[in-house]
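*Asks:* Here you go, one structure.
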Amino acid sequence: MSKKVLVIAYYFPPMAFSGVQRTTKFVKNMVYFDWQPTVLTIQPKSYYAFDTYLLEKLNQLNVRIIRTKSPDPTQRIFDQSKIRSDFIRKILNRISQTIFLPDNKISWMRPALKEARKLLQKESFDIIYATAPPYTSFLIANQLKKEFDIPIILDYRDAWLDDVLSFYPTFIHRWIVKQMEKKVLYNSDKIITYTRQIKEHLLKNYKFLSPNEIVIIPHGFDREDFDLKFKSNKPFRKMRITYSGIFYDERTPKFFIEAVRRLFYEKPELQNKIEFCFVGNFPKSQKKKIAKLKLLNAFNFIGYVDHQTSFQYLLDSDALWLMIRHSKNPHLVATGKLFEYMGTGKFILACVPENGAAAQILKKYKAYLIVEPEDVDGIKKAIYNIYEMYVSGELPAGDINYIELFESKKLTQDLITIFQFQMRNET
């Protein structure tokens, strides 16, 4: 008989982007391990991007999805189908974090609890699995454990206290957030993080936790995403470096663009030999800058595409570019995009902190160059080094044995092991 897990996930298909991928892959693969997931999520009114491909995969497996209204003030006031400028985004984010704790999704708690209570009163579940951000998901799980005495497992896709995007207008705000996190951690049955750095961050801030209470399950990639047959759209005799994803706040392409400008100024013959491909929404201000610099023939702006099409561009590239830049605790971040990049086996130009989580992972991947995010001359030299390796046919691929550690079915099996261990502890 199948075991049953209630998955609490605000971000879920048809919503797209990186915050959706980890949970989606876990849910899809749970079915193969004889676990029956029920997902509690929202009915999104508007969002930056939707991807029906991901939802279709879940529908084929008959995954049950319970959707609630989302009285999110940002969805009520602003059109979330448009990505706002960095300045406006930062202002709205600071206003939001001043008013709403733990986050601006707190108003989802009431409708989510209402639906969850109706479900749990009718059916028995073995585990509650909550993923965050938003951290409101953890509060919902914590309340359900109190009422129904079901083990809860918390999955950190980012740090909570002192996250890279957190803002505390007063010490009282930070104190309240820390008390919220302390409460849910104390009541949790198992904690999952995707990097060693986030685990250490939790142990440092909450001394009552022991290392064996926190398990590391990294982000990963789904081998099925790469099972594609398509006609190449890569320009003939051009090296392609691709970035997939969006830019926001401090994650900006401006240093990369300046590096390209300097490279082409010193070696103008390369302008017709390299293509920089951007899959996803690209800042209008930076596109105007590229046009002003007369570099448009070297840039290919694809815009937002569905999950499957984005992988076509990754696989049809010679190298991939990754950018992680934050003014606060950047060492904690190893974006999910990194693991999808590694799944391709392609060479990675990583503009990331040298001592951060992403850099530590890449050093075992082997096919990489690491440059500090704001080091323009370093980026320029790295692009040229990649081009030289490409021309000579010596551009290395990632370590296949290391790559396989991050395949989504294997990672889901690790998660299921935690579920089963927790069930044994409860009986």
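*Asks:* Of S166, S137, which residue is assigned to a helix (DSSP H, G or I), among the polar types (S, T, N, Q), under 24 Å from the mean Cα position of the chain (by Cα) and closer than 25 Å to R22 by Cα?
*Replies:* Checking each option against the conditions leaves just S137.
*Asks:* Which ones in region 344-364 are assigned to a loop (DSSP other than H, G, I, E, B) and small (G, A, S)? If you could, list the steps in order and put the result at the bottom.
*Replies:* Residues of region 344-364 assigned to a loop (DSSP other than H, G, I, E, B): 345-346, 352-356.
G345, G356, listed by residue number.
*Asks:* All but one of (1) of a type in the set (S, T, Y); (2) at pLDDT 95 or above; (3) closer than 25 Å to D318 by Cα hold for S210, so report the exception by its number.
*Replies:* With respect to (1) of a type in the set (S, T, Y); (2) at pLDDT 95 or above; (3) closer than 25 Å to D318 by Cα, S210 is out only on (3).
*Asks:* Take region 154-173 and flag every residue that is at pLDDT 95 or above and not hydrophobic (A, V, I, L, M, F, W, C).
*Replies:* Once the filter is applied, which keeps residues that are at pLDDT 95 or above and not hydrophobic (A, V, I, L, M, F, W, C), region 154-173 yields D155, Y156, R157.
*Asks:* Under 9 Å between Cβ atoms, at least 6 apart or on separate chains: pull out the pairs that start in region 107-125 with a residue that is within 18 Å of I153 (Cβ to Cβ) and end on any residue that is basic (K, R) and surrounded by 14 or more Cβ atoms within 10 Å (Cβ to Cβ).
*Replies:* Listed pairs, sorted by first residue: S124/K4; F125/K3; F125/K4.
*Asks:* Also, I was wondering about something else. Considering each residue of region 389-409, count those that are assigned to a helix (DSSP H, G or I) and either in contact with a Lys or Arg (Cβ under 6 Å, 6 or more places away or on another chain) or surrounded by 15 or more Cβ atoms within 10 Å (Cβ to Cβ) (or both), and give that number.
*Replies:* Quick first cut of region 389-409, residues assigned to a helix (DSSP H, G or I) only: 389-391, 400-406, 408-409.
From what's left, either in contact with a Lys or Arg (Cβ under 6 Å, 6 or more places away or on another chain) or surrounded by 15 or more Cβ atoms within 10 Å (Cβ to Cβ) (or both): 389-390, 402-403, 406, 408-409.
Total satisfying the criteria: 7.
*Asks:* May I pose another question? On the given criteria, is Q197 modelled with pLDDT of 95 or more, polar (S, T, N, Q), over 30 Å from Q308 (Cα atoms) and outside any loop (DSSP other than H, G, I, E, B)?
*Replies:* Numbers: modelled with pLDDT of 95 or more: no; polar (S, T, N, Q): yes; over 30 Å from Q308 (Cα atoms): yes; outside any loop (DSSP other than H, G, I, E, B): yes.
Answer is no for this residue.
*Asks:* Additional query: So, of the residues in region 344-372 that are among the small types (G, A, S), at pLDDT below 95 and more than 15 Å from the chain's Cα centre (by Cα), which turns out to be farthest from A397 (Cα to Cα)? Break it down stepwise before answering.
*Replies:* Going residue by residue through region 344-372, those that are among the small types (G, A, S) are 345, 350, 356-359, 367.
Imposing the further condition that a residue be at pLDDT below 95 reduces the set to 356-359.
Within this subset, residues satisfying the condition of being more than 15 Å from the chain's Cα centre (by Cα) are 356, 359.
On the way: G356: 22, A359: 17 Å.
Residue satisfying both the conditions and the ranking: G356.
*Asks:* Just one of L369, L296, L349 is farther than 26 Å from Y156 by Cβ, without any contact (Cβ under 8 Å) to a residue 40 or more places away in the chain and touching a strand residue (DSSP E or B) at 6+ places or on another chain (Cβ under 7 Å); which is it? Give the steps one after another, and end with the answer.
*Replies:* On the way: L296 fails: touching a strand residue (DSSP E or B) at 6+ places or on another chain (Cβ under 7 Å); L349 fails: without any contact (Cβ under 8 Å) to a residue 40 or more places away in the chain.
Criteria check complete, one pass: L369.
*Asks:* Looking at Y390, Y368, can you tell me which residue is under 20 Å from Q271 (Cβ atoms) and not charged (D, E, K, R)?
*Replies:* On the way: Y368 fails: under 20 Å from Q271 (Cβ atoms).
Residue meeting the stated conditions: Y390.
The values are calculated or read from the model by the stated rules, or taken from the named source; none is laboratory data. Everything numeric in this text was worked out from a predicted model, so none of it was measured. Cβ: placed from backbone, ideal geometry, glycine included. Neighbour counts: every protein chain shown.
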